[in-house]
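S.K.: Mind having a look at this structure? Questions to follow.
All of the numbers you see were taken from the coordinates with simple rules; none came from a lab. If you're wondering where the values come from, they're calculated on a predicted model, not measured in any experiment. Please note: Cβ atoms are built from the backbone with ideal geometry, for glycine as well, and neighbour counts cover all protein chains shown.
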Amino acid sequence: MFLPTILVFLFVLLIFFVVLSVLVLVHEFGHFLAAKFFKVKVEEFALGLPFTKPLFSKKGKDKMIWAVYPVLFGGFVRLLGEEGDEERSNPASFVHKTPWARAAILLAGVTMNLVLGVVLLYMMLSLSSFKTFVPDFAKYNFHNALQAKRVIVTDVAKGSPSDLAGIKDGDILVSVDGQDINGSEGMMNVTKQKSGKSINIKLYHQIPINPRNVFAIPRANPPKGEGPMGIKIADVLEISYPAFSQKLISGFTLTYDMGVYTMKVLGTLISTSVATRTVDPIAKNLSGPVGIFNVIGSFLKIGGFEAFFNIVQLMALMTISLAIFNVLPFPALDGGRLLFVVIEGITGKKVKANWERHIHQIGMALLLALMLFVTFNDIVRIFIK
């Protein structure tokens, strides 16, 4: 019993590192390609963060180092002259290039993450008849798509009509007796109207693949707090691309929409935290490595095609989120470095290298503190509560 548990853990860990490594390497490969295009010398291409000596290190013919570090939650491309002015006179130096060339190199990682997002979303949509479900966290109109409200089951009371019908947590209810469900209010209205009568419910489990139909009889006099069906529900959005013209550009438009929607949801969480003077709204909705590991493990427990689909979808959302996060004008991030380049491009004056270096070091310290905070909350949420 113990050995299989260890093997399952190791398999989940392997998939976790594969997913994370793909996202990081795609990002860094963008910087690498752009640096090569602008003839900037790449000194090191690495997976992992350089807090210790590398696990693996090899120098190529061009003297560039390929390395893997133990802390695998990241990666980097080290460019000649990236950290200061001492190499300004060297044509192969990052600091020697024009501000706009440096800006292009900095933005290349984010661009590659978005390209990966487009590819993964096309893959996901093609597997699901160009339909997807998105949590309804904020008002937003998705472009180039049909949009409708559905409901997702978040809890099922034991012995309730839903439980007897085989409805489970994570099921998404889309229609009753052939009539589309219009969100939580629509679901509550139709079950009240049809209490005592058998109803045919069309549903999916988490993803828009392999729909099934179940029959249930809503109760006219349910126990207190349960409702006619004995389920707790929340709204989700059904986004679909039925026409060929919609399908053709769906990967691009959904990537854009998910990026904007993510920022809108994050803005809502931040404003709620400010209004309530607590970090709970953000802490409960952000996940770090531990949270992601747990999610991947839950997907793999499902198994089969659904597990594969969920992981592809997760990777798509993660790579888009990584692009958004990295482009923020915060020190140590690509967006923070880009801000200094833009200031130089506008003013014609470069910020002193020592000042910029110290600012980025402070930013990195804050980011690591944020990672520890999010990881702590993940552990509390998963293992303690």
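S.K.: Among (1) 67, 55, 40; (2) 83, 51, 45; (3) 58, 54, 36, find the value of Cα extents along the principal axes in Å that was calculated from the structure presented, and write down its label.
M.R.: Checking each listed value against the structure points to (2).
S.K.: Here is a follow-up. Order 220-231, 360-371, 94-105 from most to least packed using the mean count of other Cβ atoms within 10 Å.
M.R.: Ranked by mean Cβ neighbours within 10 Å, highest first: 94-105, 220-231, 360-371.
S.K.: Sticking with this one: Just add up the charged neighbours of GLN206: K/R +1, D/E -1, any other residue whose Cβ is under 9 Å from the Cβ of GLN206.
M.R.: Taking every other residue near GLN206 into account, the sum is -2.
S.K.: Show the residues, 5+ positions off or on another chain, whose built amide H is closer than 5 Å to the amide H of ASP136.
M.R.: VAL236, LEU237
S.K.: Follow-up question, since we're still on this one. Given H placed 1.01 Å from N in the peptide plane, which residues other than close sequence neighbours of HIS143 have an amide H under 5 Å from its amide H?
M.R.: Here the answer is none, since no amide H 5 or more places off falls under 5 Å of that of HIS143.
S.K.: Using the per-residue mean of other Cβ atoms lying within 10 Å as a proxy for protection, in what order, highest first, do the peptides 145-153, 114-122 fall?
M.R.: 114-122, 145-153
S.K.: Looking at the chain, do any whole DSSP H helices span at least 24 angstrom along their long axis by alpha carbon and average 1.0 or above on Kyte-Doolittle, and which?
M.R.: Taking the DSSP H segments of the chain (at least 24 Å long, mean hydropathy at least 1.0), we get 2-37, 99-127, 304-327.
S.K.: Please work out the C-alpha center-to-center distance from segment 13-55 to segment 257-314 and express it in whole Å.
M.R.: Their Cα centres are 24 Å away from one another.
S.K.: Follow-up question, since we're still on this one. Once you charge only the Cβ atoms, +1 for Lys and Arg and -1 for Asp and Glu, what is the size of the charge dipole of the chain about its Cα centre, to the nearest 20 debye?
M.R.: With Lys and Arg at +1 and Asp and Glu at -1, about 80 debye.
S.K.: Give LYS247/LYS301; LYS168/LYS202; LYS61/LYS350; LYS224/LYS301; LYS149/LYS224 a once-over and call out the pairs whose C-alpha atoms are over 24 Å from each other.
M.R.: Distance filter (> 24 Å) returns LYS247/LYS301; LYS61/LYS350; LYS224/LYS301; LYS149/LYS224.
S.K.: In whole Hz, what ³J(HN,Hα) sequence does segment 204-218 give by Karplus (6.51, -1.76, 1.60; θ = phi - 60°), x for Gly and Pro?
M.R.: Here the 3J(HN,Hα) series is 10, 9, 6, 10, x, 9, 6, x, 9, 10, 10, 10, 9, 10, x Hz.
S.K.: Tell me which residues come under 5 Å, amide H to amide H, from ASN200 once H is placed; ignore anything under 5 positions away on its chain.
M.R.: Placed amide hydrogens put ASP177 under 5 Å from ASN200.
S.K.: Another question, if that's okay. So how long is each side of segment 1-79 along the principal axes, counting just the alpha-carbon atoms, biggest first, in Å?
M.R.: 56, 22, 21 Å, listed from the longest principal axis down.
S.K.: Take the alpha carbon gyration tensor of segment 146-240, find the square roots of its eigenvalues, order them as a ≥ b ≥ c, and report rounded if a/c is under 1.5; if not, report prolate when a/b exceeds b/c, else oblate.
M.R.: Prolate, since a/c reaches 1.5 and a/b exceeds b/c.
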